Amino acid sequence: MTHTVIDGAYVVTVDAHGTEHAQGHVVLRDGRIASVGAGRAPREVIDGAAEVISGTGLLVTPGLINTHHHLYQWLTRGYAQDSILFDWLVSLYPAWSRIDADLVGDGALGAMAVLARSGCTTVGDHHYVFPRGGGDIVGSIVNAASTLGVRLHATRGSMDLGASDGGLPPDFAVESTADALAASGEAVTTYDDSSFESMVRVAIAPCSPFSVTADLLRESADLARSLGVRLHTHGAETVEEEAYCRERFGMSPTDYLESVGWLGSDVWMAHCVHLSGADIDRFAATGTGVAHCPSSNGRLAAGIAPVRDMLRAGVPVGLGVDGAASNESGQLGTEVRAAVLAARLRDGADALSGRDALRIATMGGAQVLGRADQIGSLEPGKLADLALWRIDGVEHAGIADPVAALGLGAMPPLARLIVQGRTVVEDGALVRVDEADVAARVTRASAVLQSRL
Ligand code: ZN
């Protein structure tokens with residue numbers, strides 16, 4: 001039986017005790033973490049290893065987990081640069097409604113390439129635009145993740161509330177309720193793998209209160225629960241959404257989502273910027289998760305989510321980049337620092353530490369995606385998903401606290417990204433794809449989409 005050893009690194013386990021080893025080792029075997037410990041690896045472990053990675057100058061953390069994205073938006077970066085959410089959406093719906101499976105595949109490859117190069121081992125995606133005749137879009141995303149070698153939590157999203165029925169999206173961008181439900185069930189039965197080592201999970205994800213009918217929300221919840229998969233949507237992102245819900249339903253977004261069965265430990269919602277104290281308590285009591293997306297919230301001037309209060313109340317909080325049309329960076333590693341800065345701008349210096357933000361980006365994400373037993377921390381038996389950050393370069397050499405290199409400093413370059421024991425990034429470069437080819441595919445696909453407008 002062969003194994004890999006990472007020896008002599010600064011190891012941050014993100015276990016329940018916050019265990020760190022200033023000089024530690026990690027042993028990987030058969031795609032899992034075999035052991036983690038202080039000091040150098042024992043001689044006999046080194047001698048029998050297939051590979052020994054020198055940990056000198058490295059910070060080792062669990063792989064980062066992205067809990068919210070719209071990978072297809074990689075093809076629509078740089079549009080509507082100064083708009084708030086509703087205006088931005090209205091600007092972009094026409095382009096998005098002209099996508100197809102081939103274009104989405106190229107965009108997803110670009111978006112996931114950048115995620116991987118920024119320390120992300122598990123990619124959550126929320127895809128909710130399915131033009132008629134657009135082909136197998138979920139399949140394209142699954143293929144792109146497999147090509148790169150990253151773990152995927154896809155969602156089959158939907159919109160069925162067009163402008164003529166009082167929704168925000170134009171009628172040409174929405175599906176019928178029945179079509180959306182049928183396709184959601186089919187995506188789960190075709191692609192979801194519920195095993196411990198699963199590389200592809202699929203959840204069901206109607207888009208938002210202002211683009212989906214109450215019937216679709218209710219029936220999606222019933223469908224997901226009958227299939228044993230999770231539920232995802234956007235919630236309480238902007239003051240305009242709050243006003244929409246109060247006018248149309250006579251209640252806040254959280255009250256409305258609760259009224260259609262959407263609070264629960266099998267649900268996670270993106271943003272949750274505008275939650276009251278009572279809303280936070282209900283999220284905590286029900287175990288409803290939150291995908292915190294600080295850069296996107298800044299880009300769209302949505303506000304700053306009350307992450308400090310959510311964490312104090314016990315709400316599961318993960319980190320997300322959100323779609324690249326509202327976060328042209330698309331890097332998850334930089335969101336760790338962004339989360340710290342945003343929380344402190346809102347609630348003061350003790351609102352969130354760099355270590356708190358790293359925990360959100362790892363174990364928090366694992367909890368939000370229902371994978372806390374499998375990923376999110378470096379503990380024996382868990383899947384071997386790790387990020388090895390180089391912190392002996394000019395940006396970080398001499399820093400007093402290696403964890404601050406990631407939590408407060410420039411995003412460190414990756415020495416390795418390992419997913420299920422397999423190397424995905426080495427010395428900052430993707431090893432399973434030609435990066436120039438990915439860039440060329442994104443350039444071409446973006447131009448094709450623009451030519452359809
Ligand atoms: Zn989003």
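In region 340-373, the residue that is farthest from the ligand (Cβ to nearest atom) out of those that are of a type in the set (K, R) and closer than 29 Å to A80 by Cβ is R344.
Among the conditions (1) touching an Asp or Glu at 6+ places or on another chain (Cβ under 6 Å); (2) within 12 Å of the ligand (Cβ to nearest atom); (3) under 21 Å from E435 (Cα atoms), H68 misses just one, which is (3). Of the residues L231, L168, L257, the single one that is farther than 27 Å from V123 by Cα, of a type outside the set (G, A, S) and within 16 Å of the ligand (Cβ to nearest atom) is L168. So for region 289-309 (the condition being farther than 22 Å from E237 by Cβ and part of a helix (DSSP H, G or I)), does at least one residue qualify? Taking every residue of region 289-309 in turn, none turns out to be farther than 22 Å from E237 by Cβ and part of a helix (DSSP H, G or I).
Counting residues in region 70-85 that are in contact (Cβ under 8 Å) with a residue 12 or more places away in the chain and among the acidic types (D, E) gives zero. As a summary of the residue check, R132 satisfies the conditions (1) crowded, with 24+ Cβ neighbours inside 10 Å; (2) farther than 15 Å from T76 by Cβ except for the one numbered (1).
Number of residues in region 228-254 that are assigned to a helix (DSSP H, G or I) and crowded, with 17+ Cβ neighbours inside 10 Å equals 6. Checking T254, T238 one by one, the residue that is over 26 Å from G107 (Cβ atoms), among the polar types (S, T, N, Q) and in contact with a helix residue (DSSP H, G or I) (Cβ under 7 Å, 6 or more places away or on another chain) is T254 and no other. Among the residues making up region 103-115, those that are under 14 Å from D434 (Cβ atoms) and either in contact with a strand residue (DSSP E or B) (Cβ under 6 Å, 6 or more places away or on another chain) or of a type in the set (A, V, I, L, M) (or both) are L109, A113.
Within region 330-342, the presence of a residue that is assigned by TED's automatic domain parsing to the domain that holds I33 and within 20 Å of the chain's Cα centre (by Cα) is excluded. Scoring L223 on the criteria (1) within 20 Å of V129 (Cβ to Cβ); (2) open to solvent by 50 Å² or more (accessible area, probe 1.4 Å) leaves a single failure, condition (2). Of all the criteria given as (1) outside any loop (DSSP other than H, G, I, E, B); (2) surrounded by 24 or more Cβ atoms within 10 Å (Cβ to Cβ), the one not satisfied by R355 is (2). For residues that are over 14 Å from the mean Cα position of the chain (by Cα) and either over 19 Å from A366 (Cα atoms) or at pLDDT below 95 (or both), tally how many sit in region 49-71. Number of matching residues: 11.
Among the residues of region 296-339, the one identified as open to solvent by 20 Å² or more (accessible area, probe 1.4 Å) and within 12 Å of the ligand (Cβ to nearest atom) is R299.
The values are calculated or read from the model by the stated rules, or taken from the named source; none is laboratory data. This is a predicted model, so every value here is computed, not measured. Using ideal geometry, Cβ is built from the backbone for each residue, glycine included, and neighbour counts are taken over all protein chains shown. Protein only, heavy atoms only, side chains kept; ligands, DNA and RNA dropped before computing areas. Shrake-Rupley method; radii C 1.70, N 1.55, O 1.52, S 1.80 Å.
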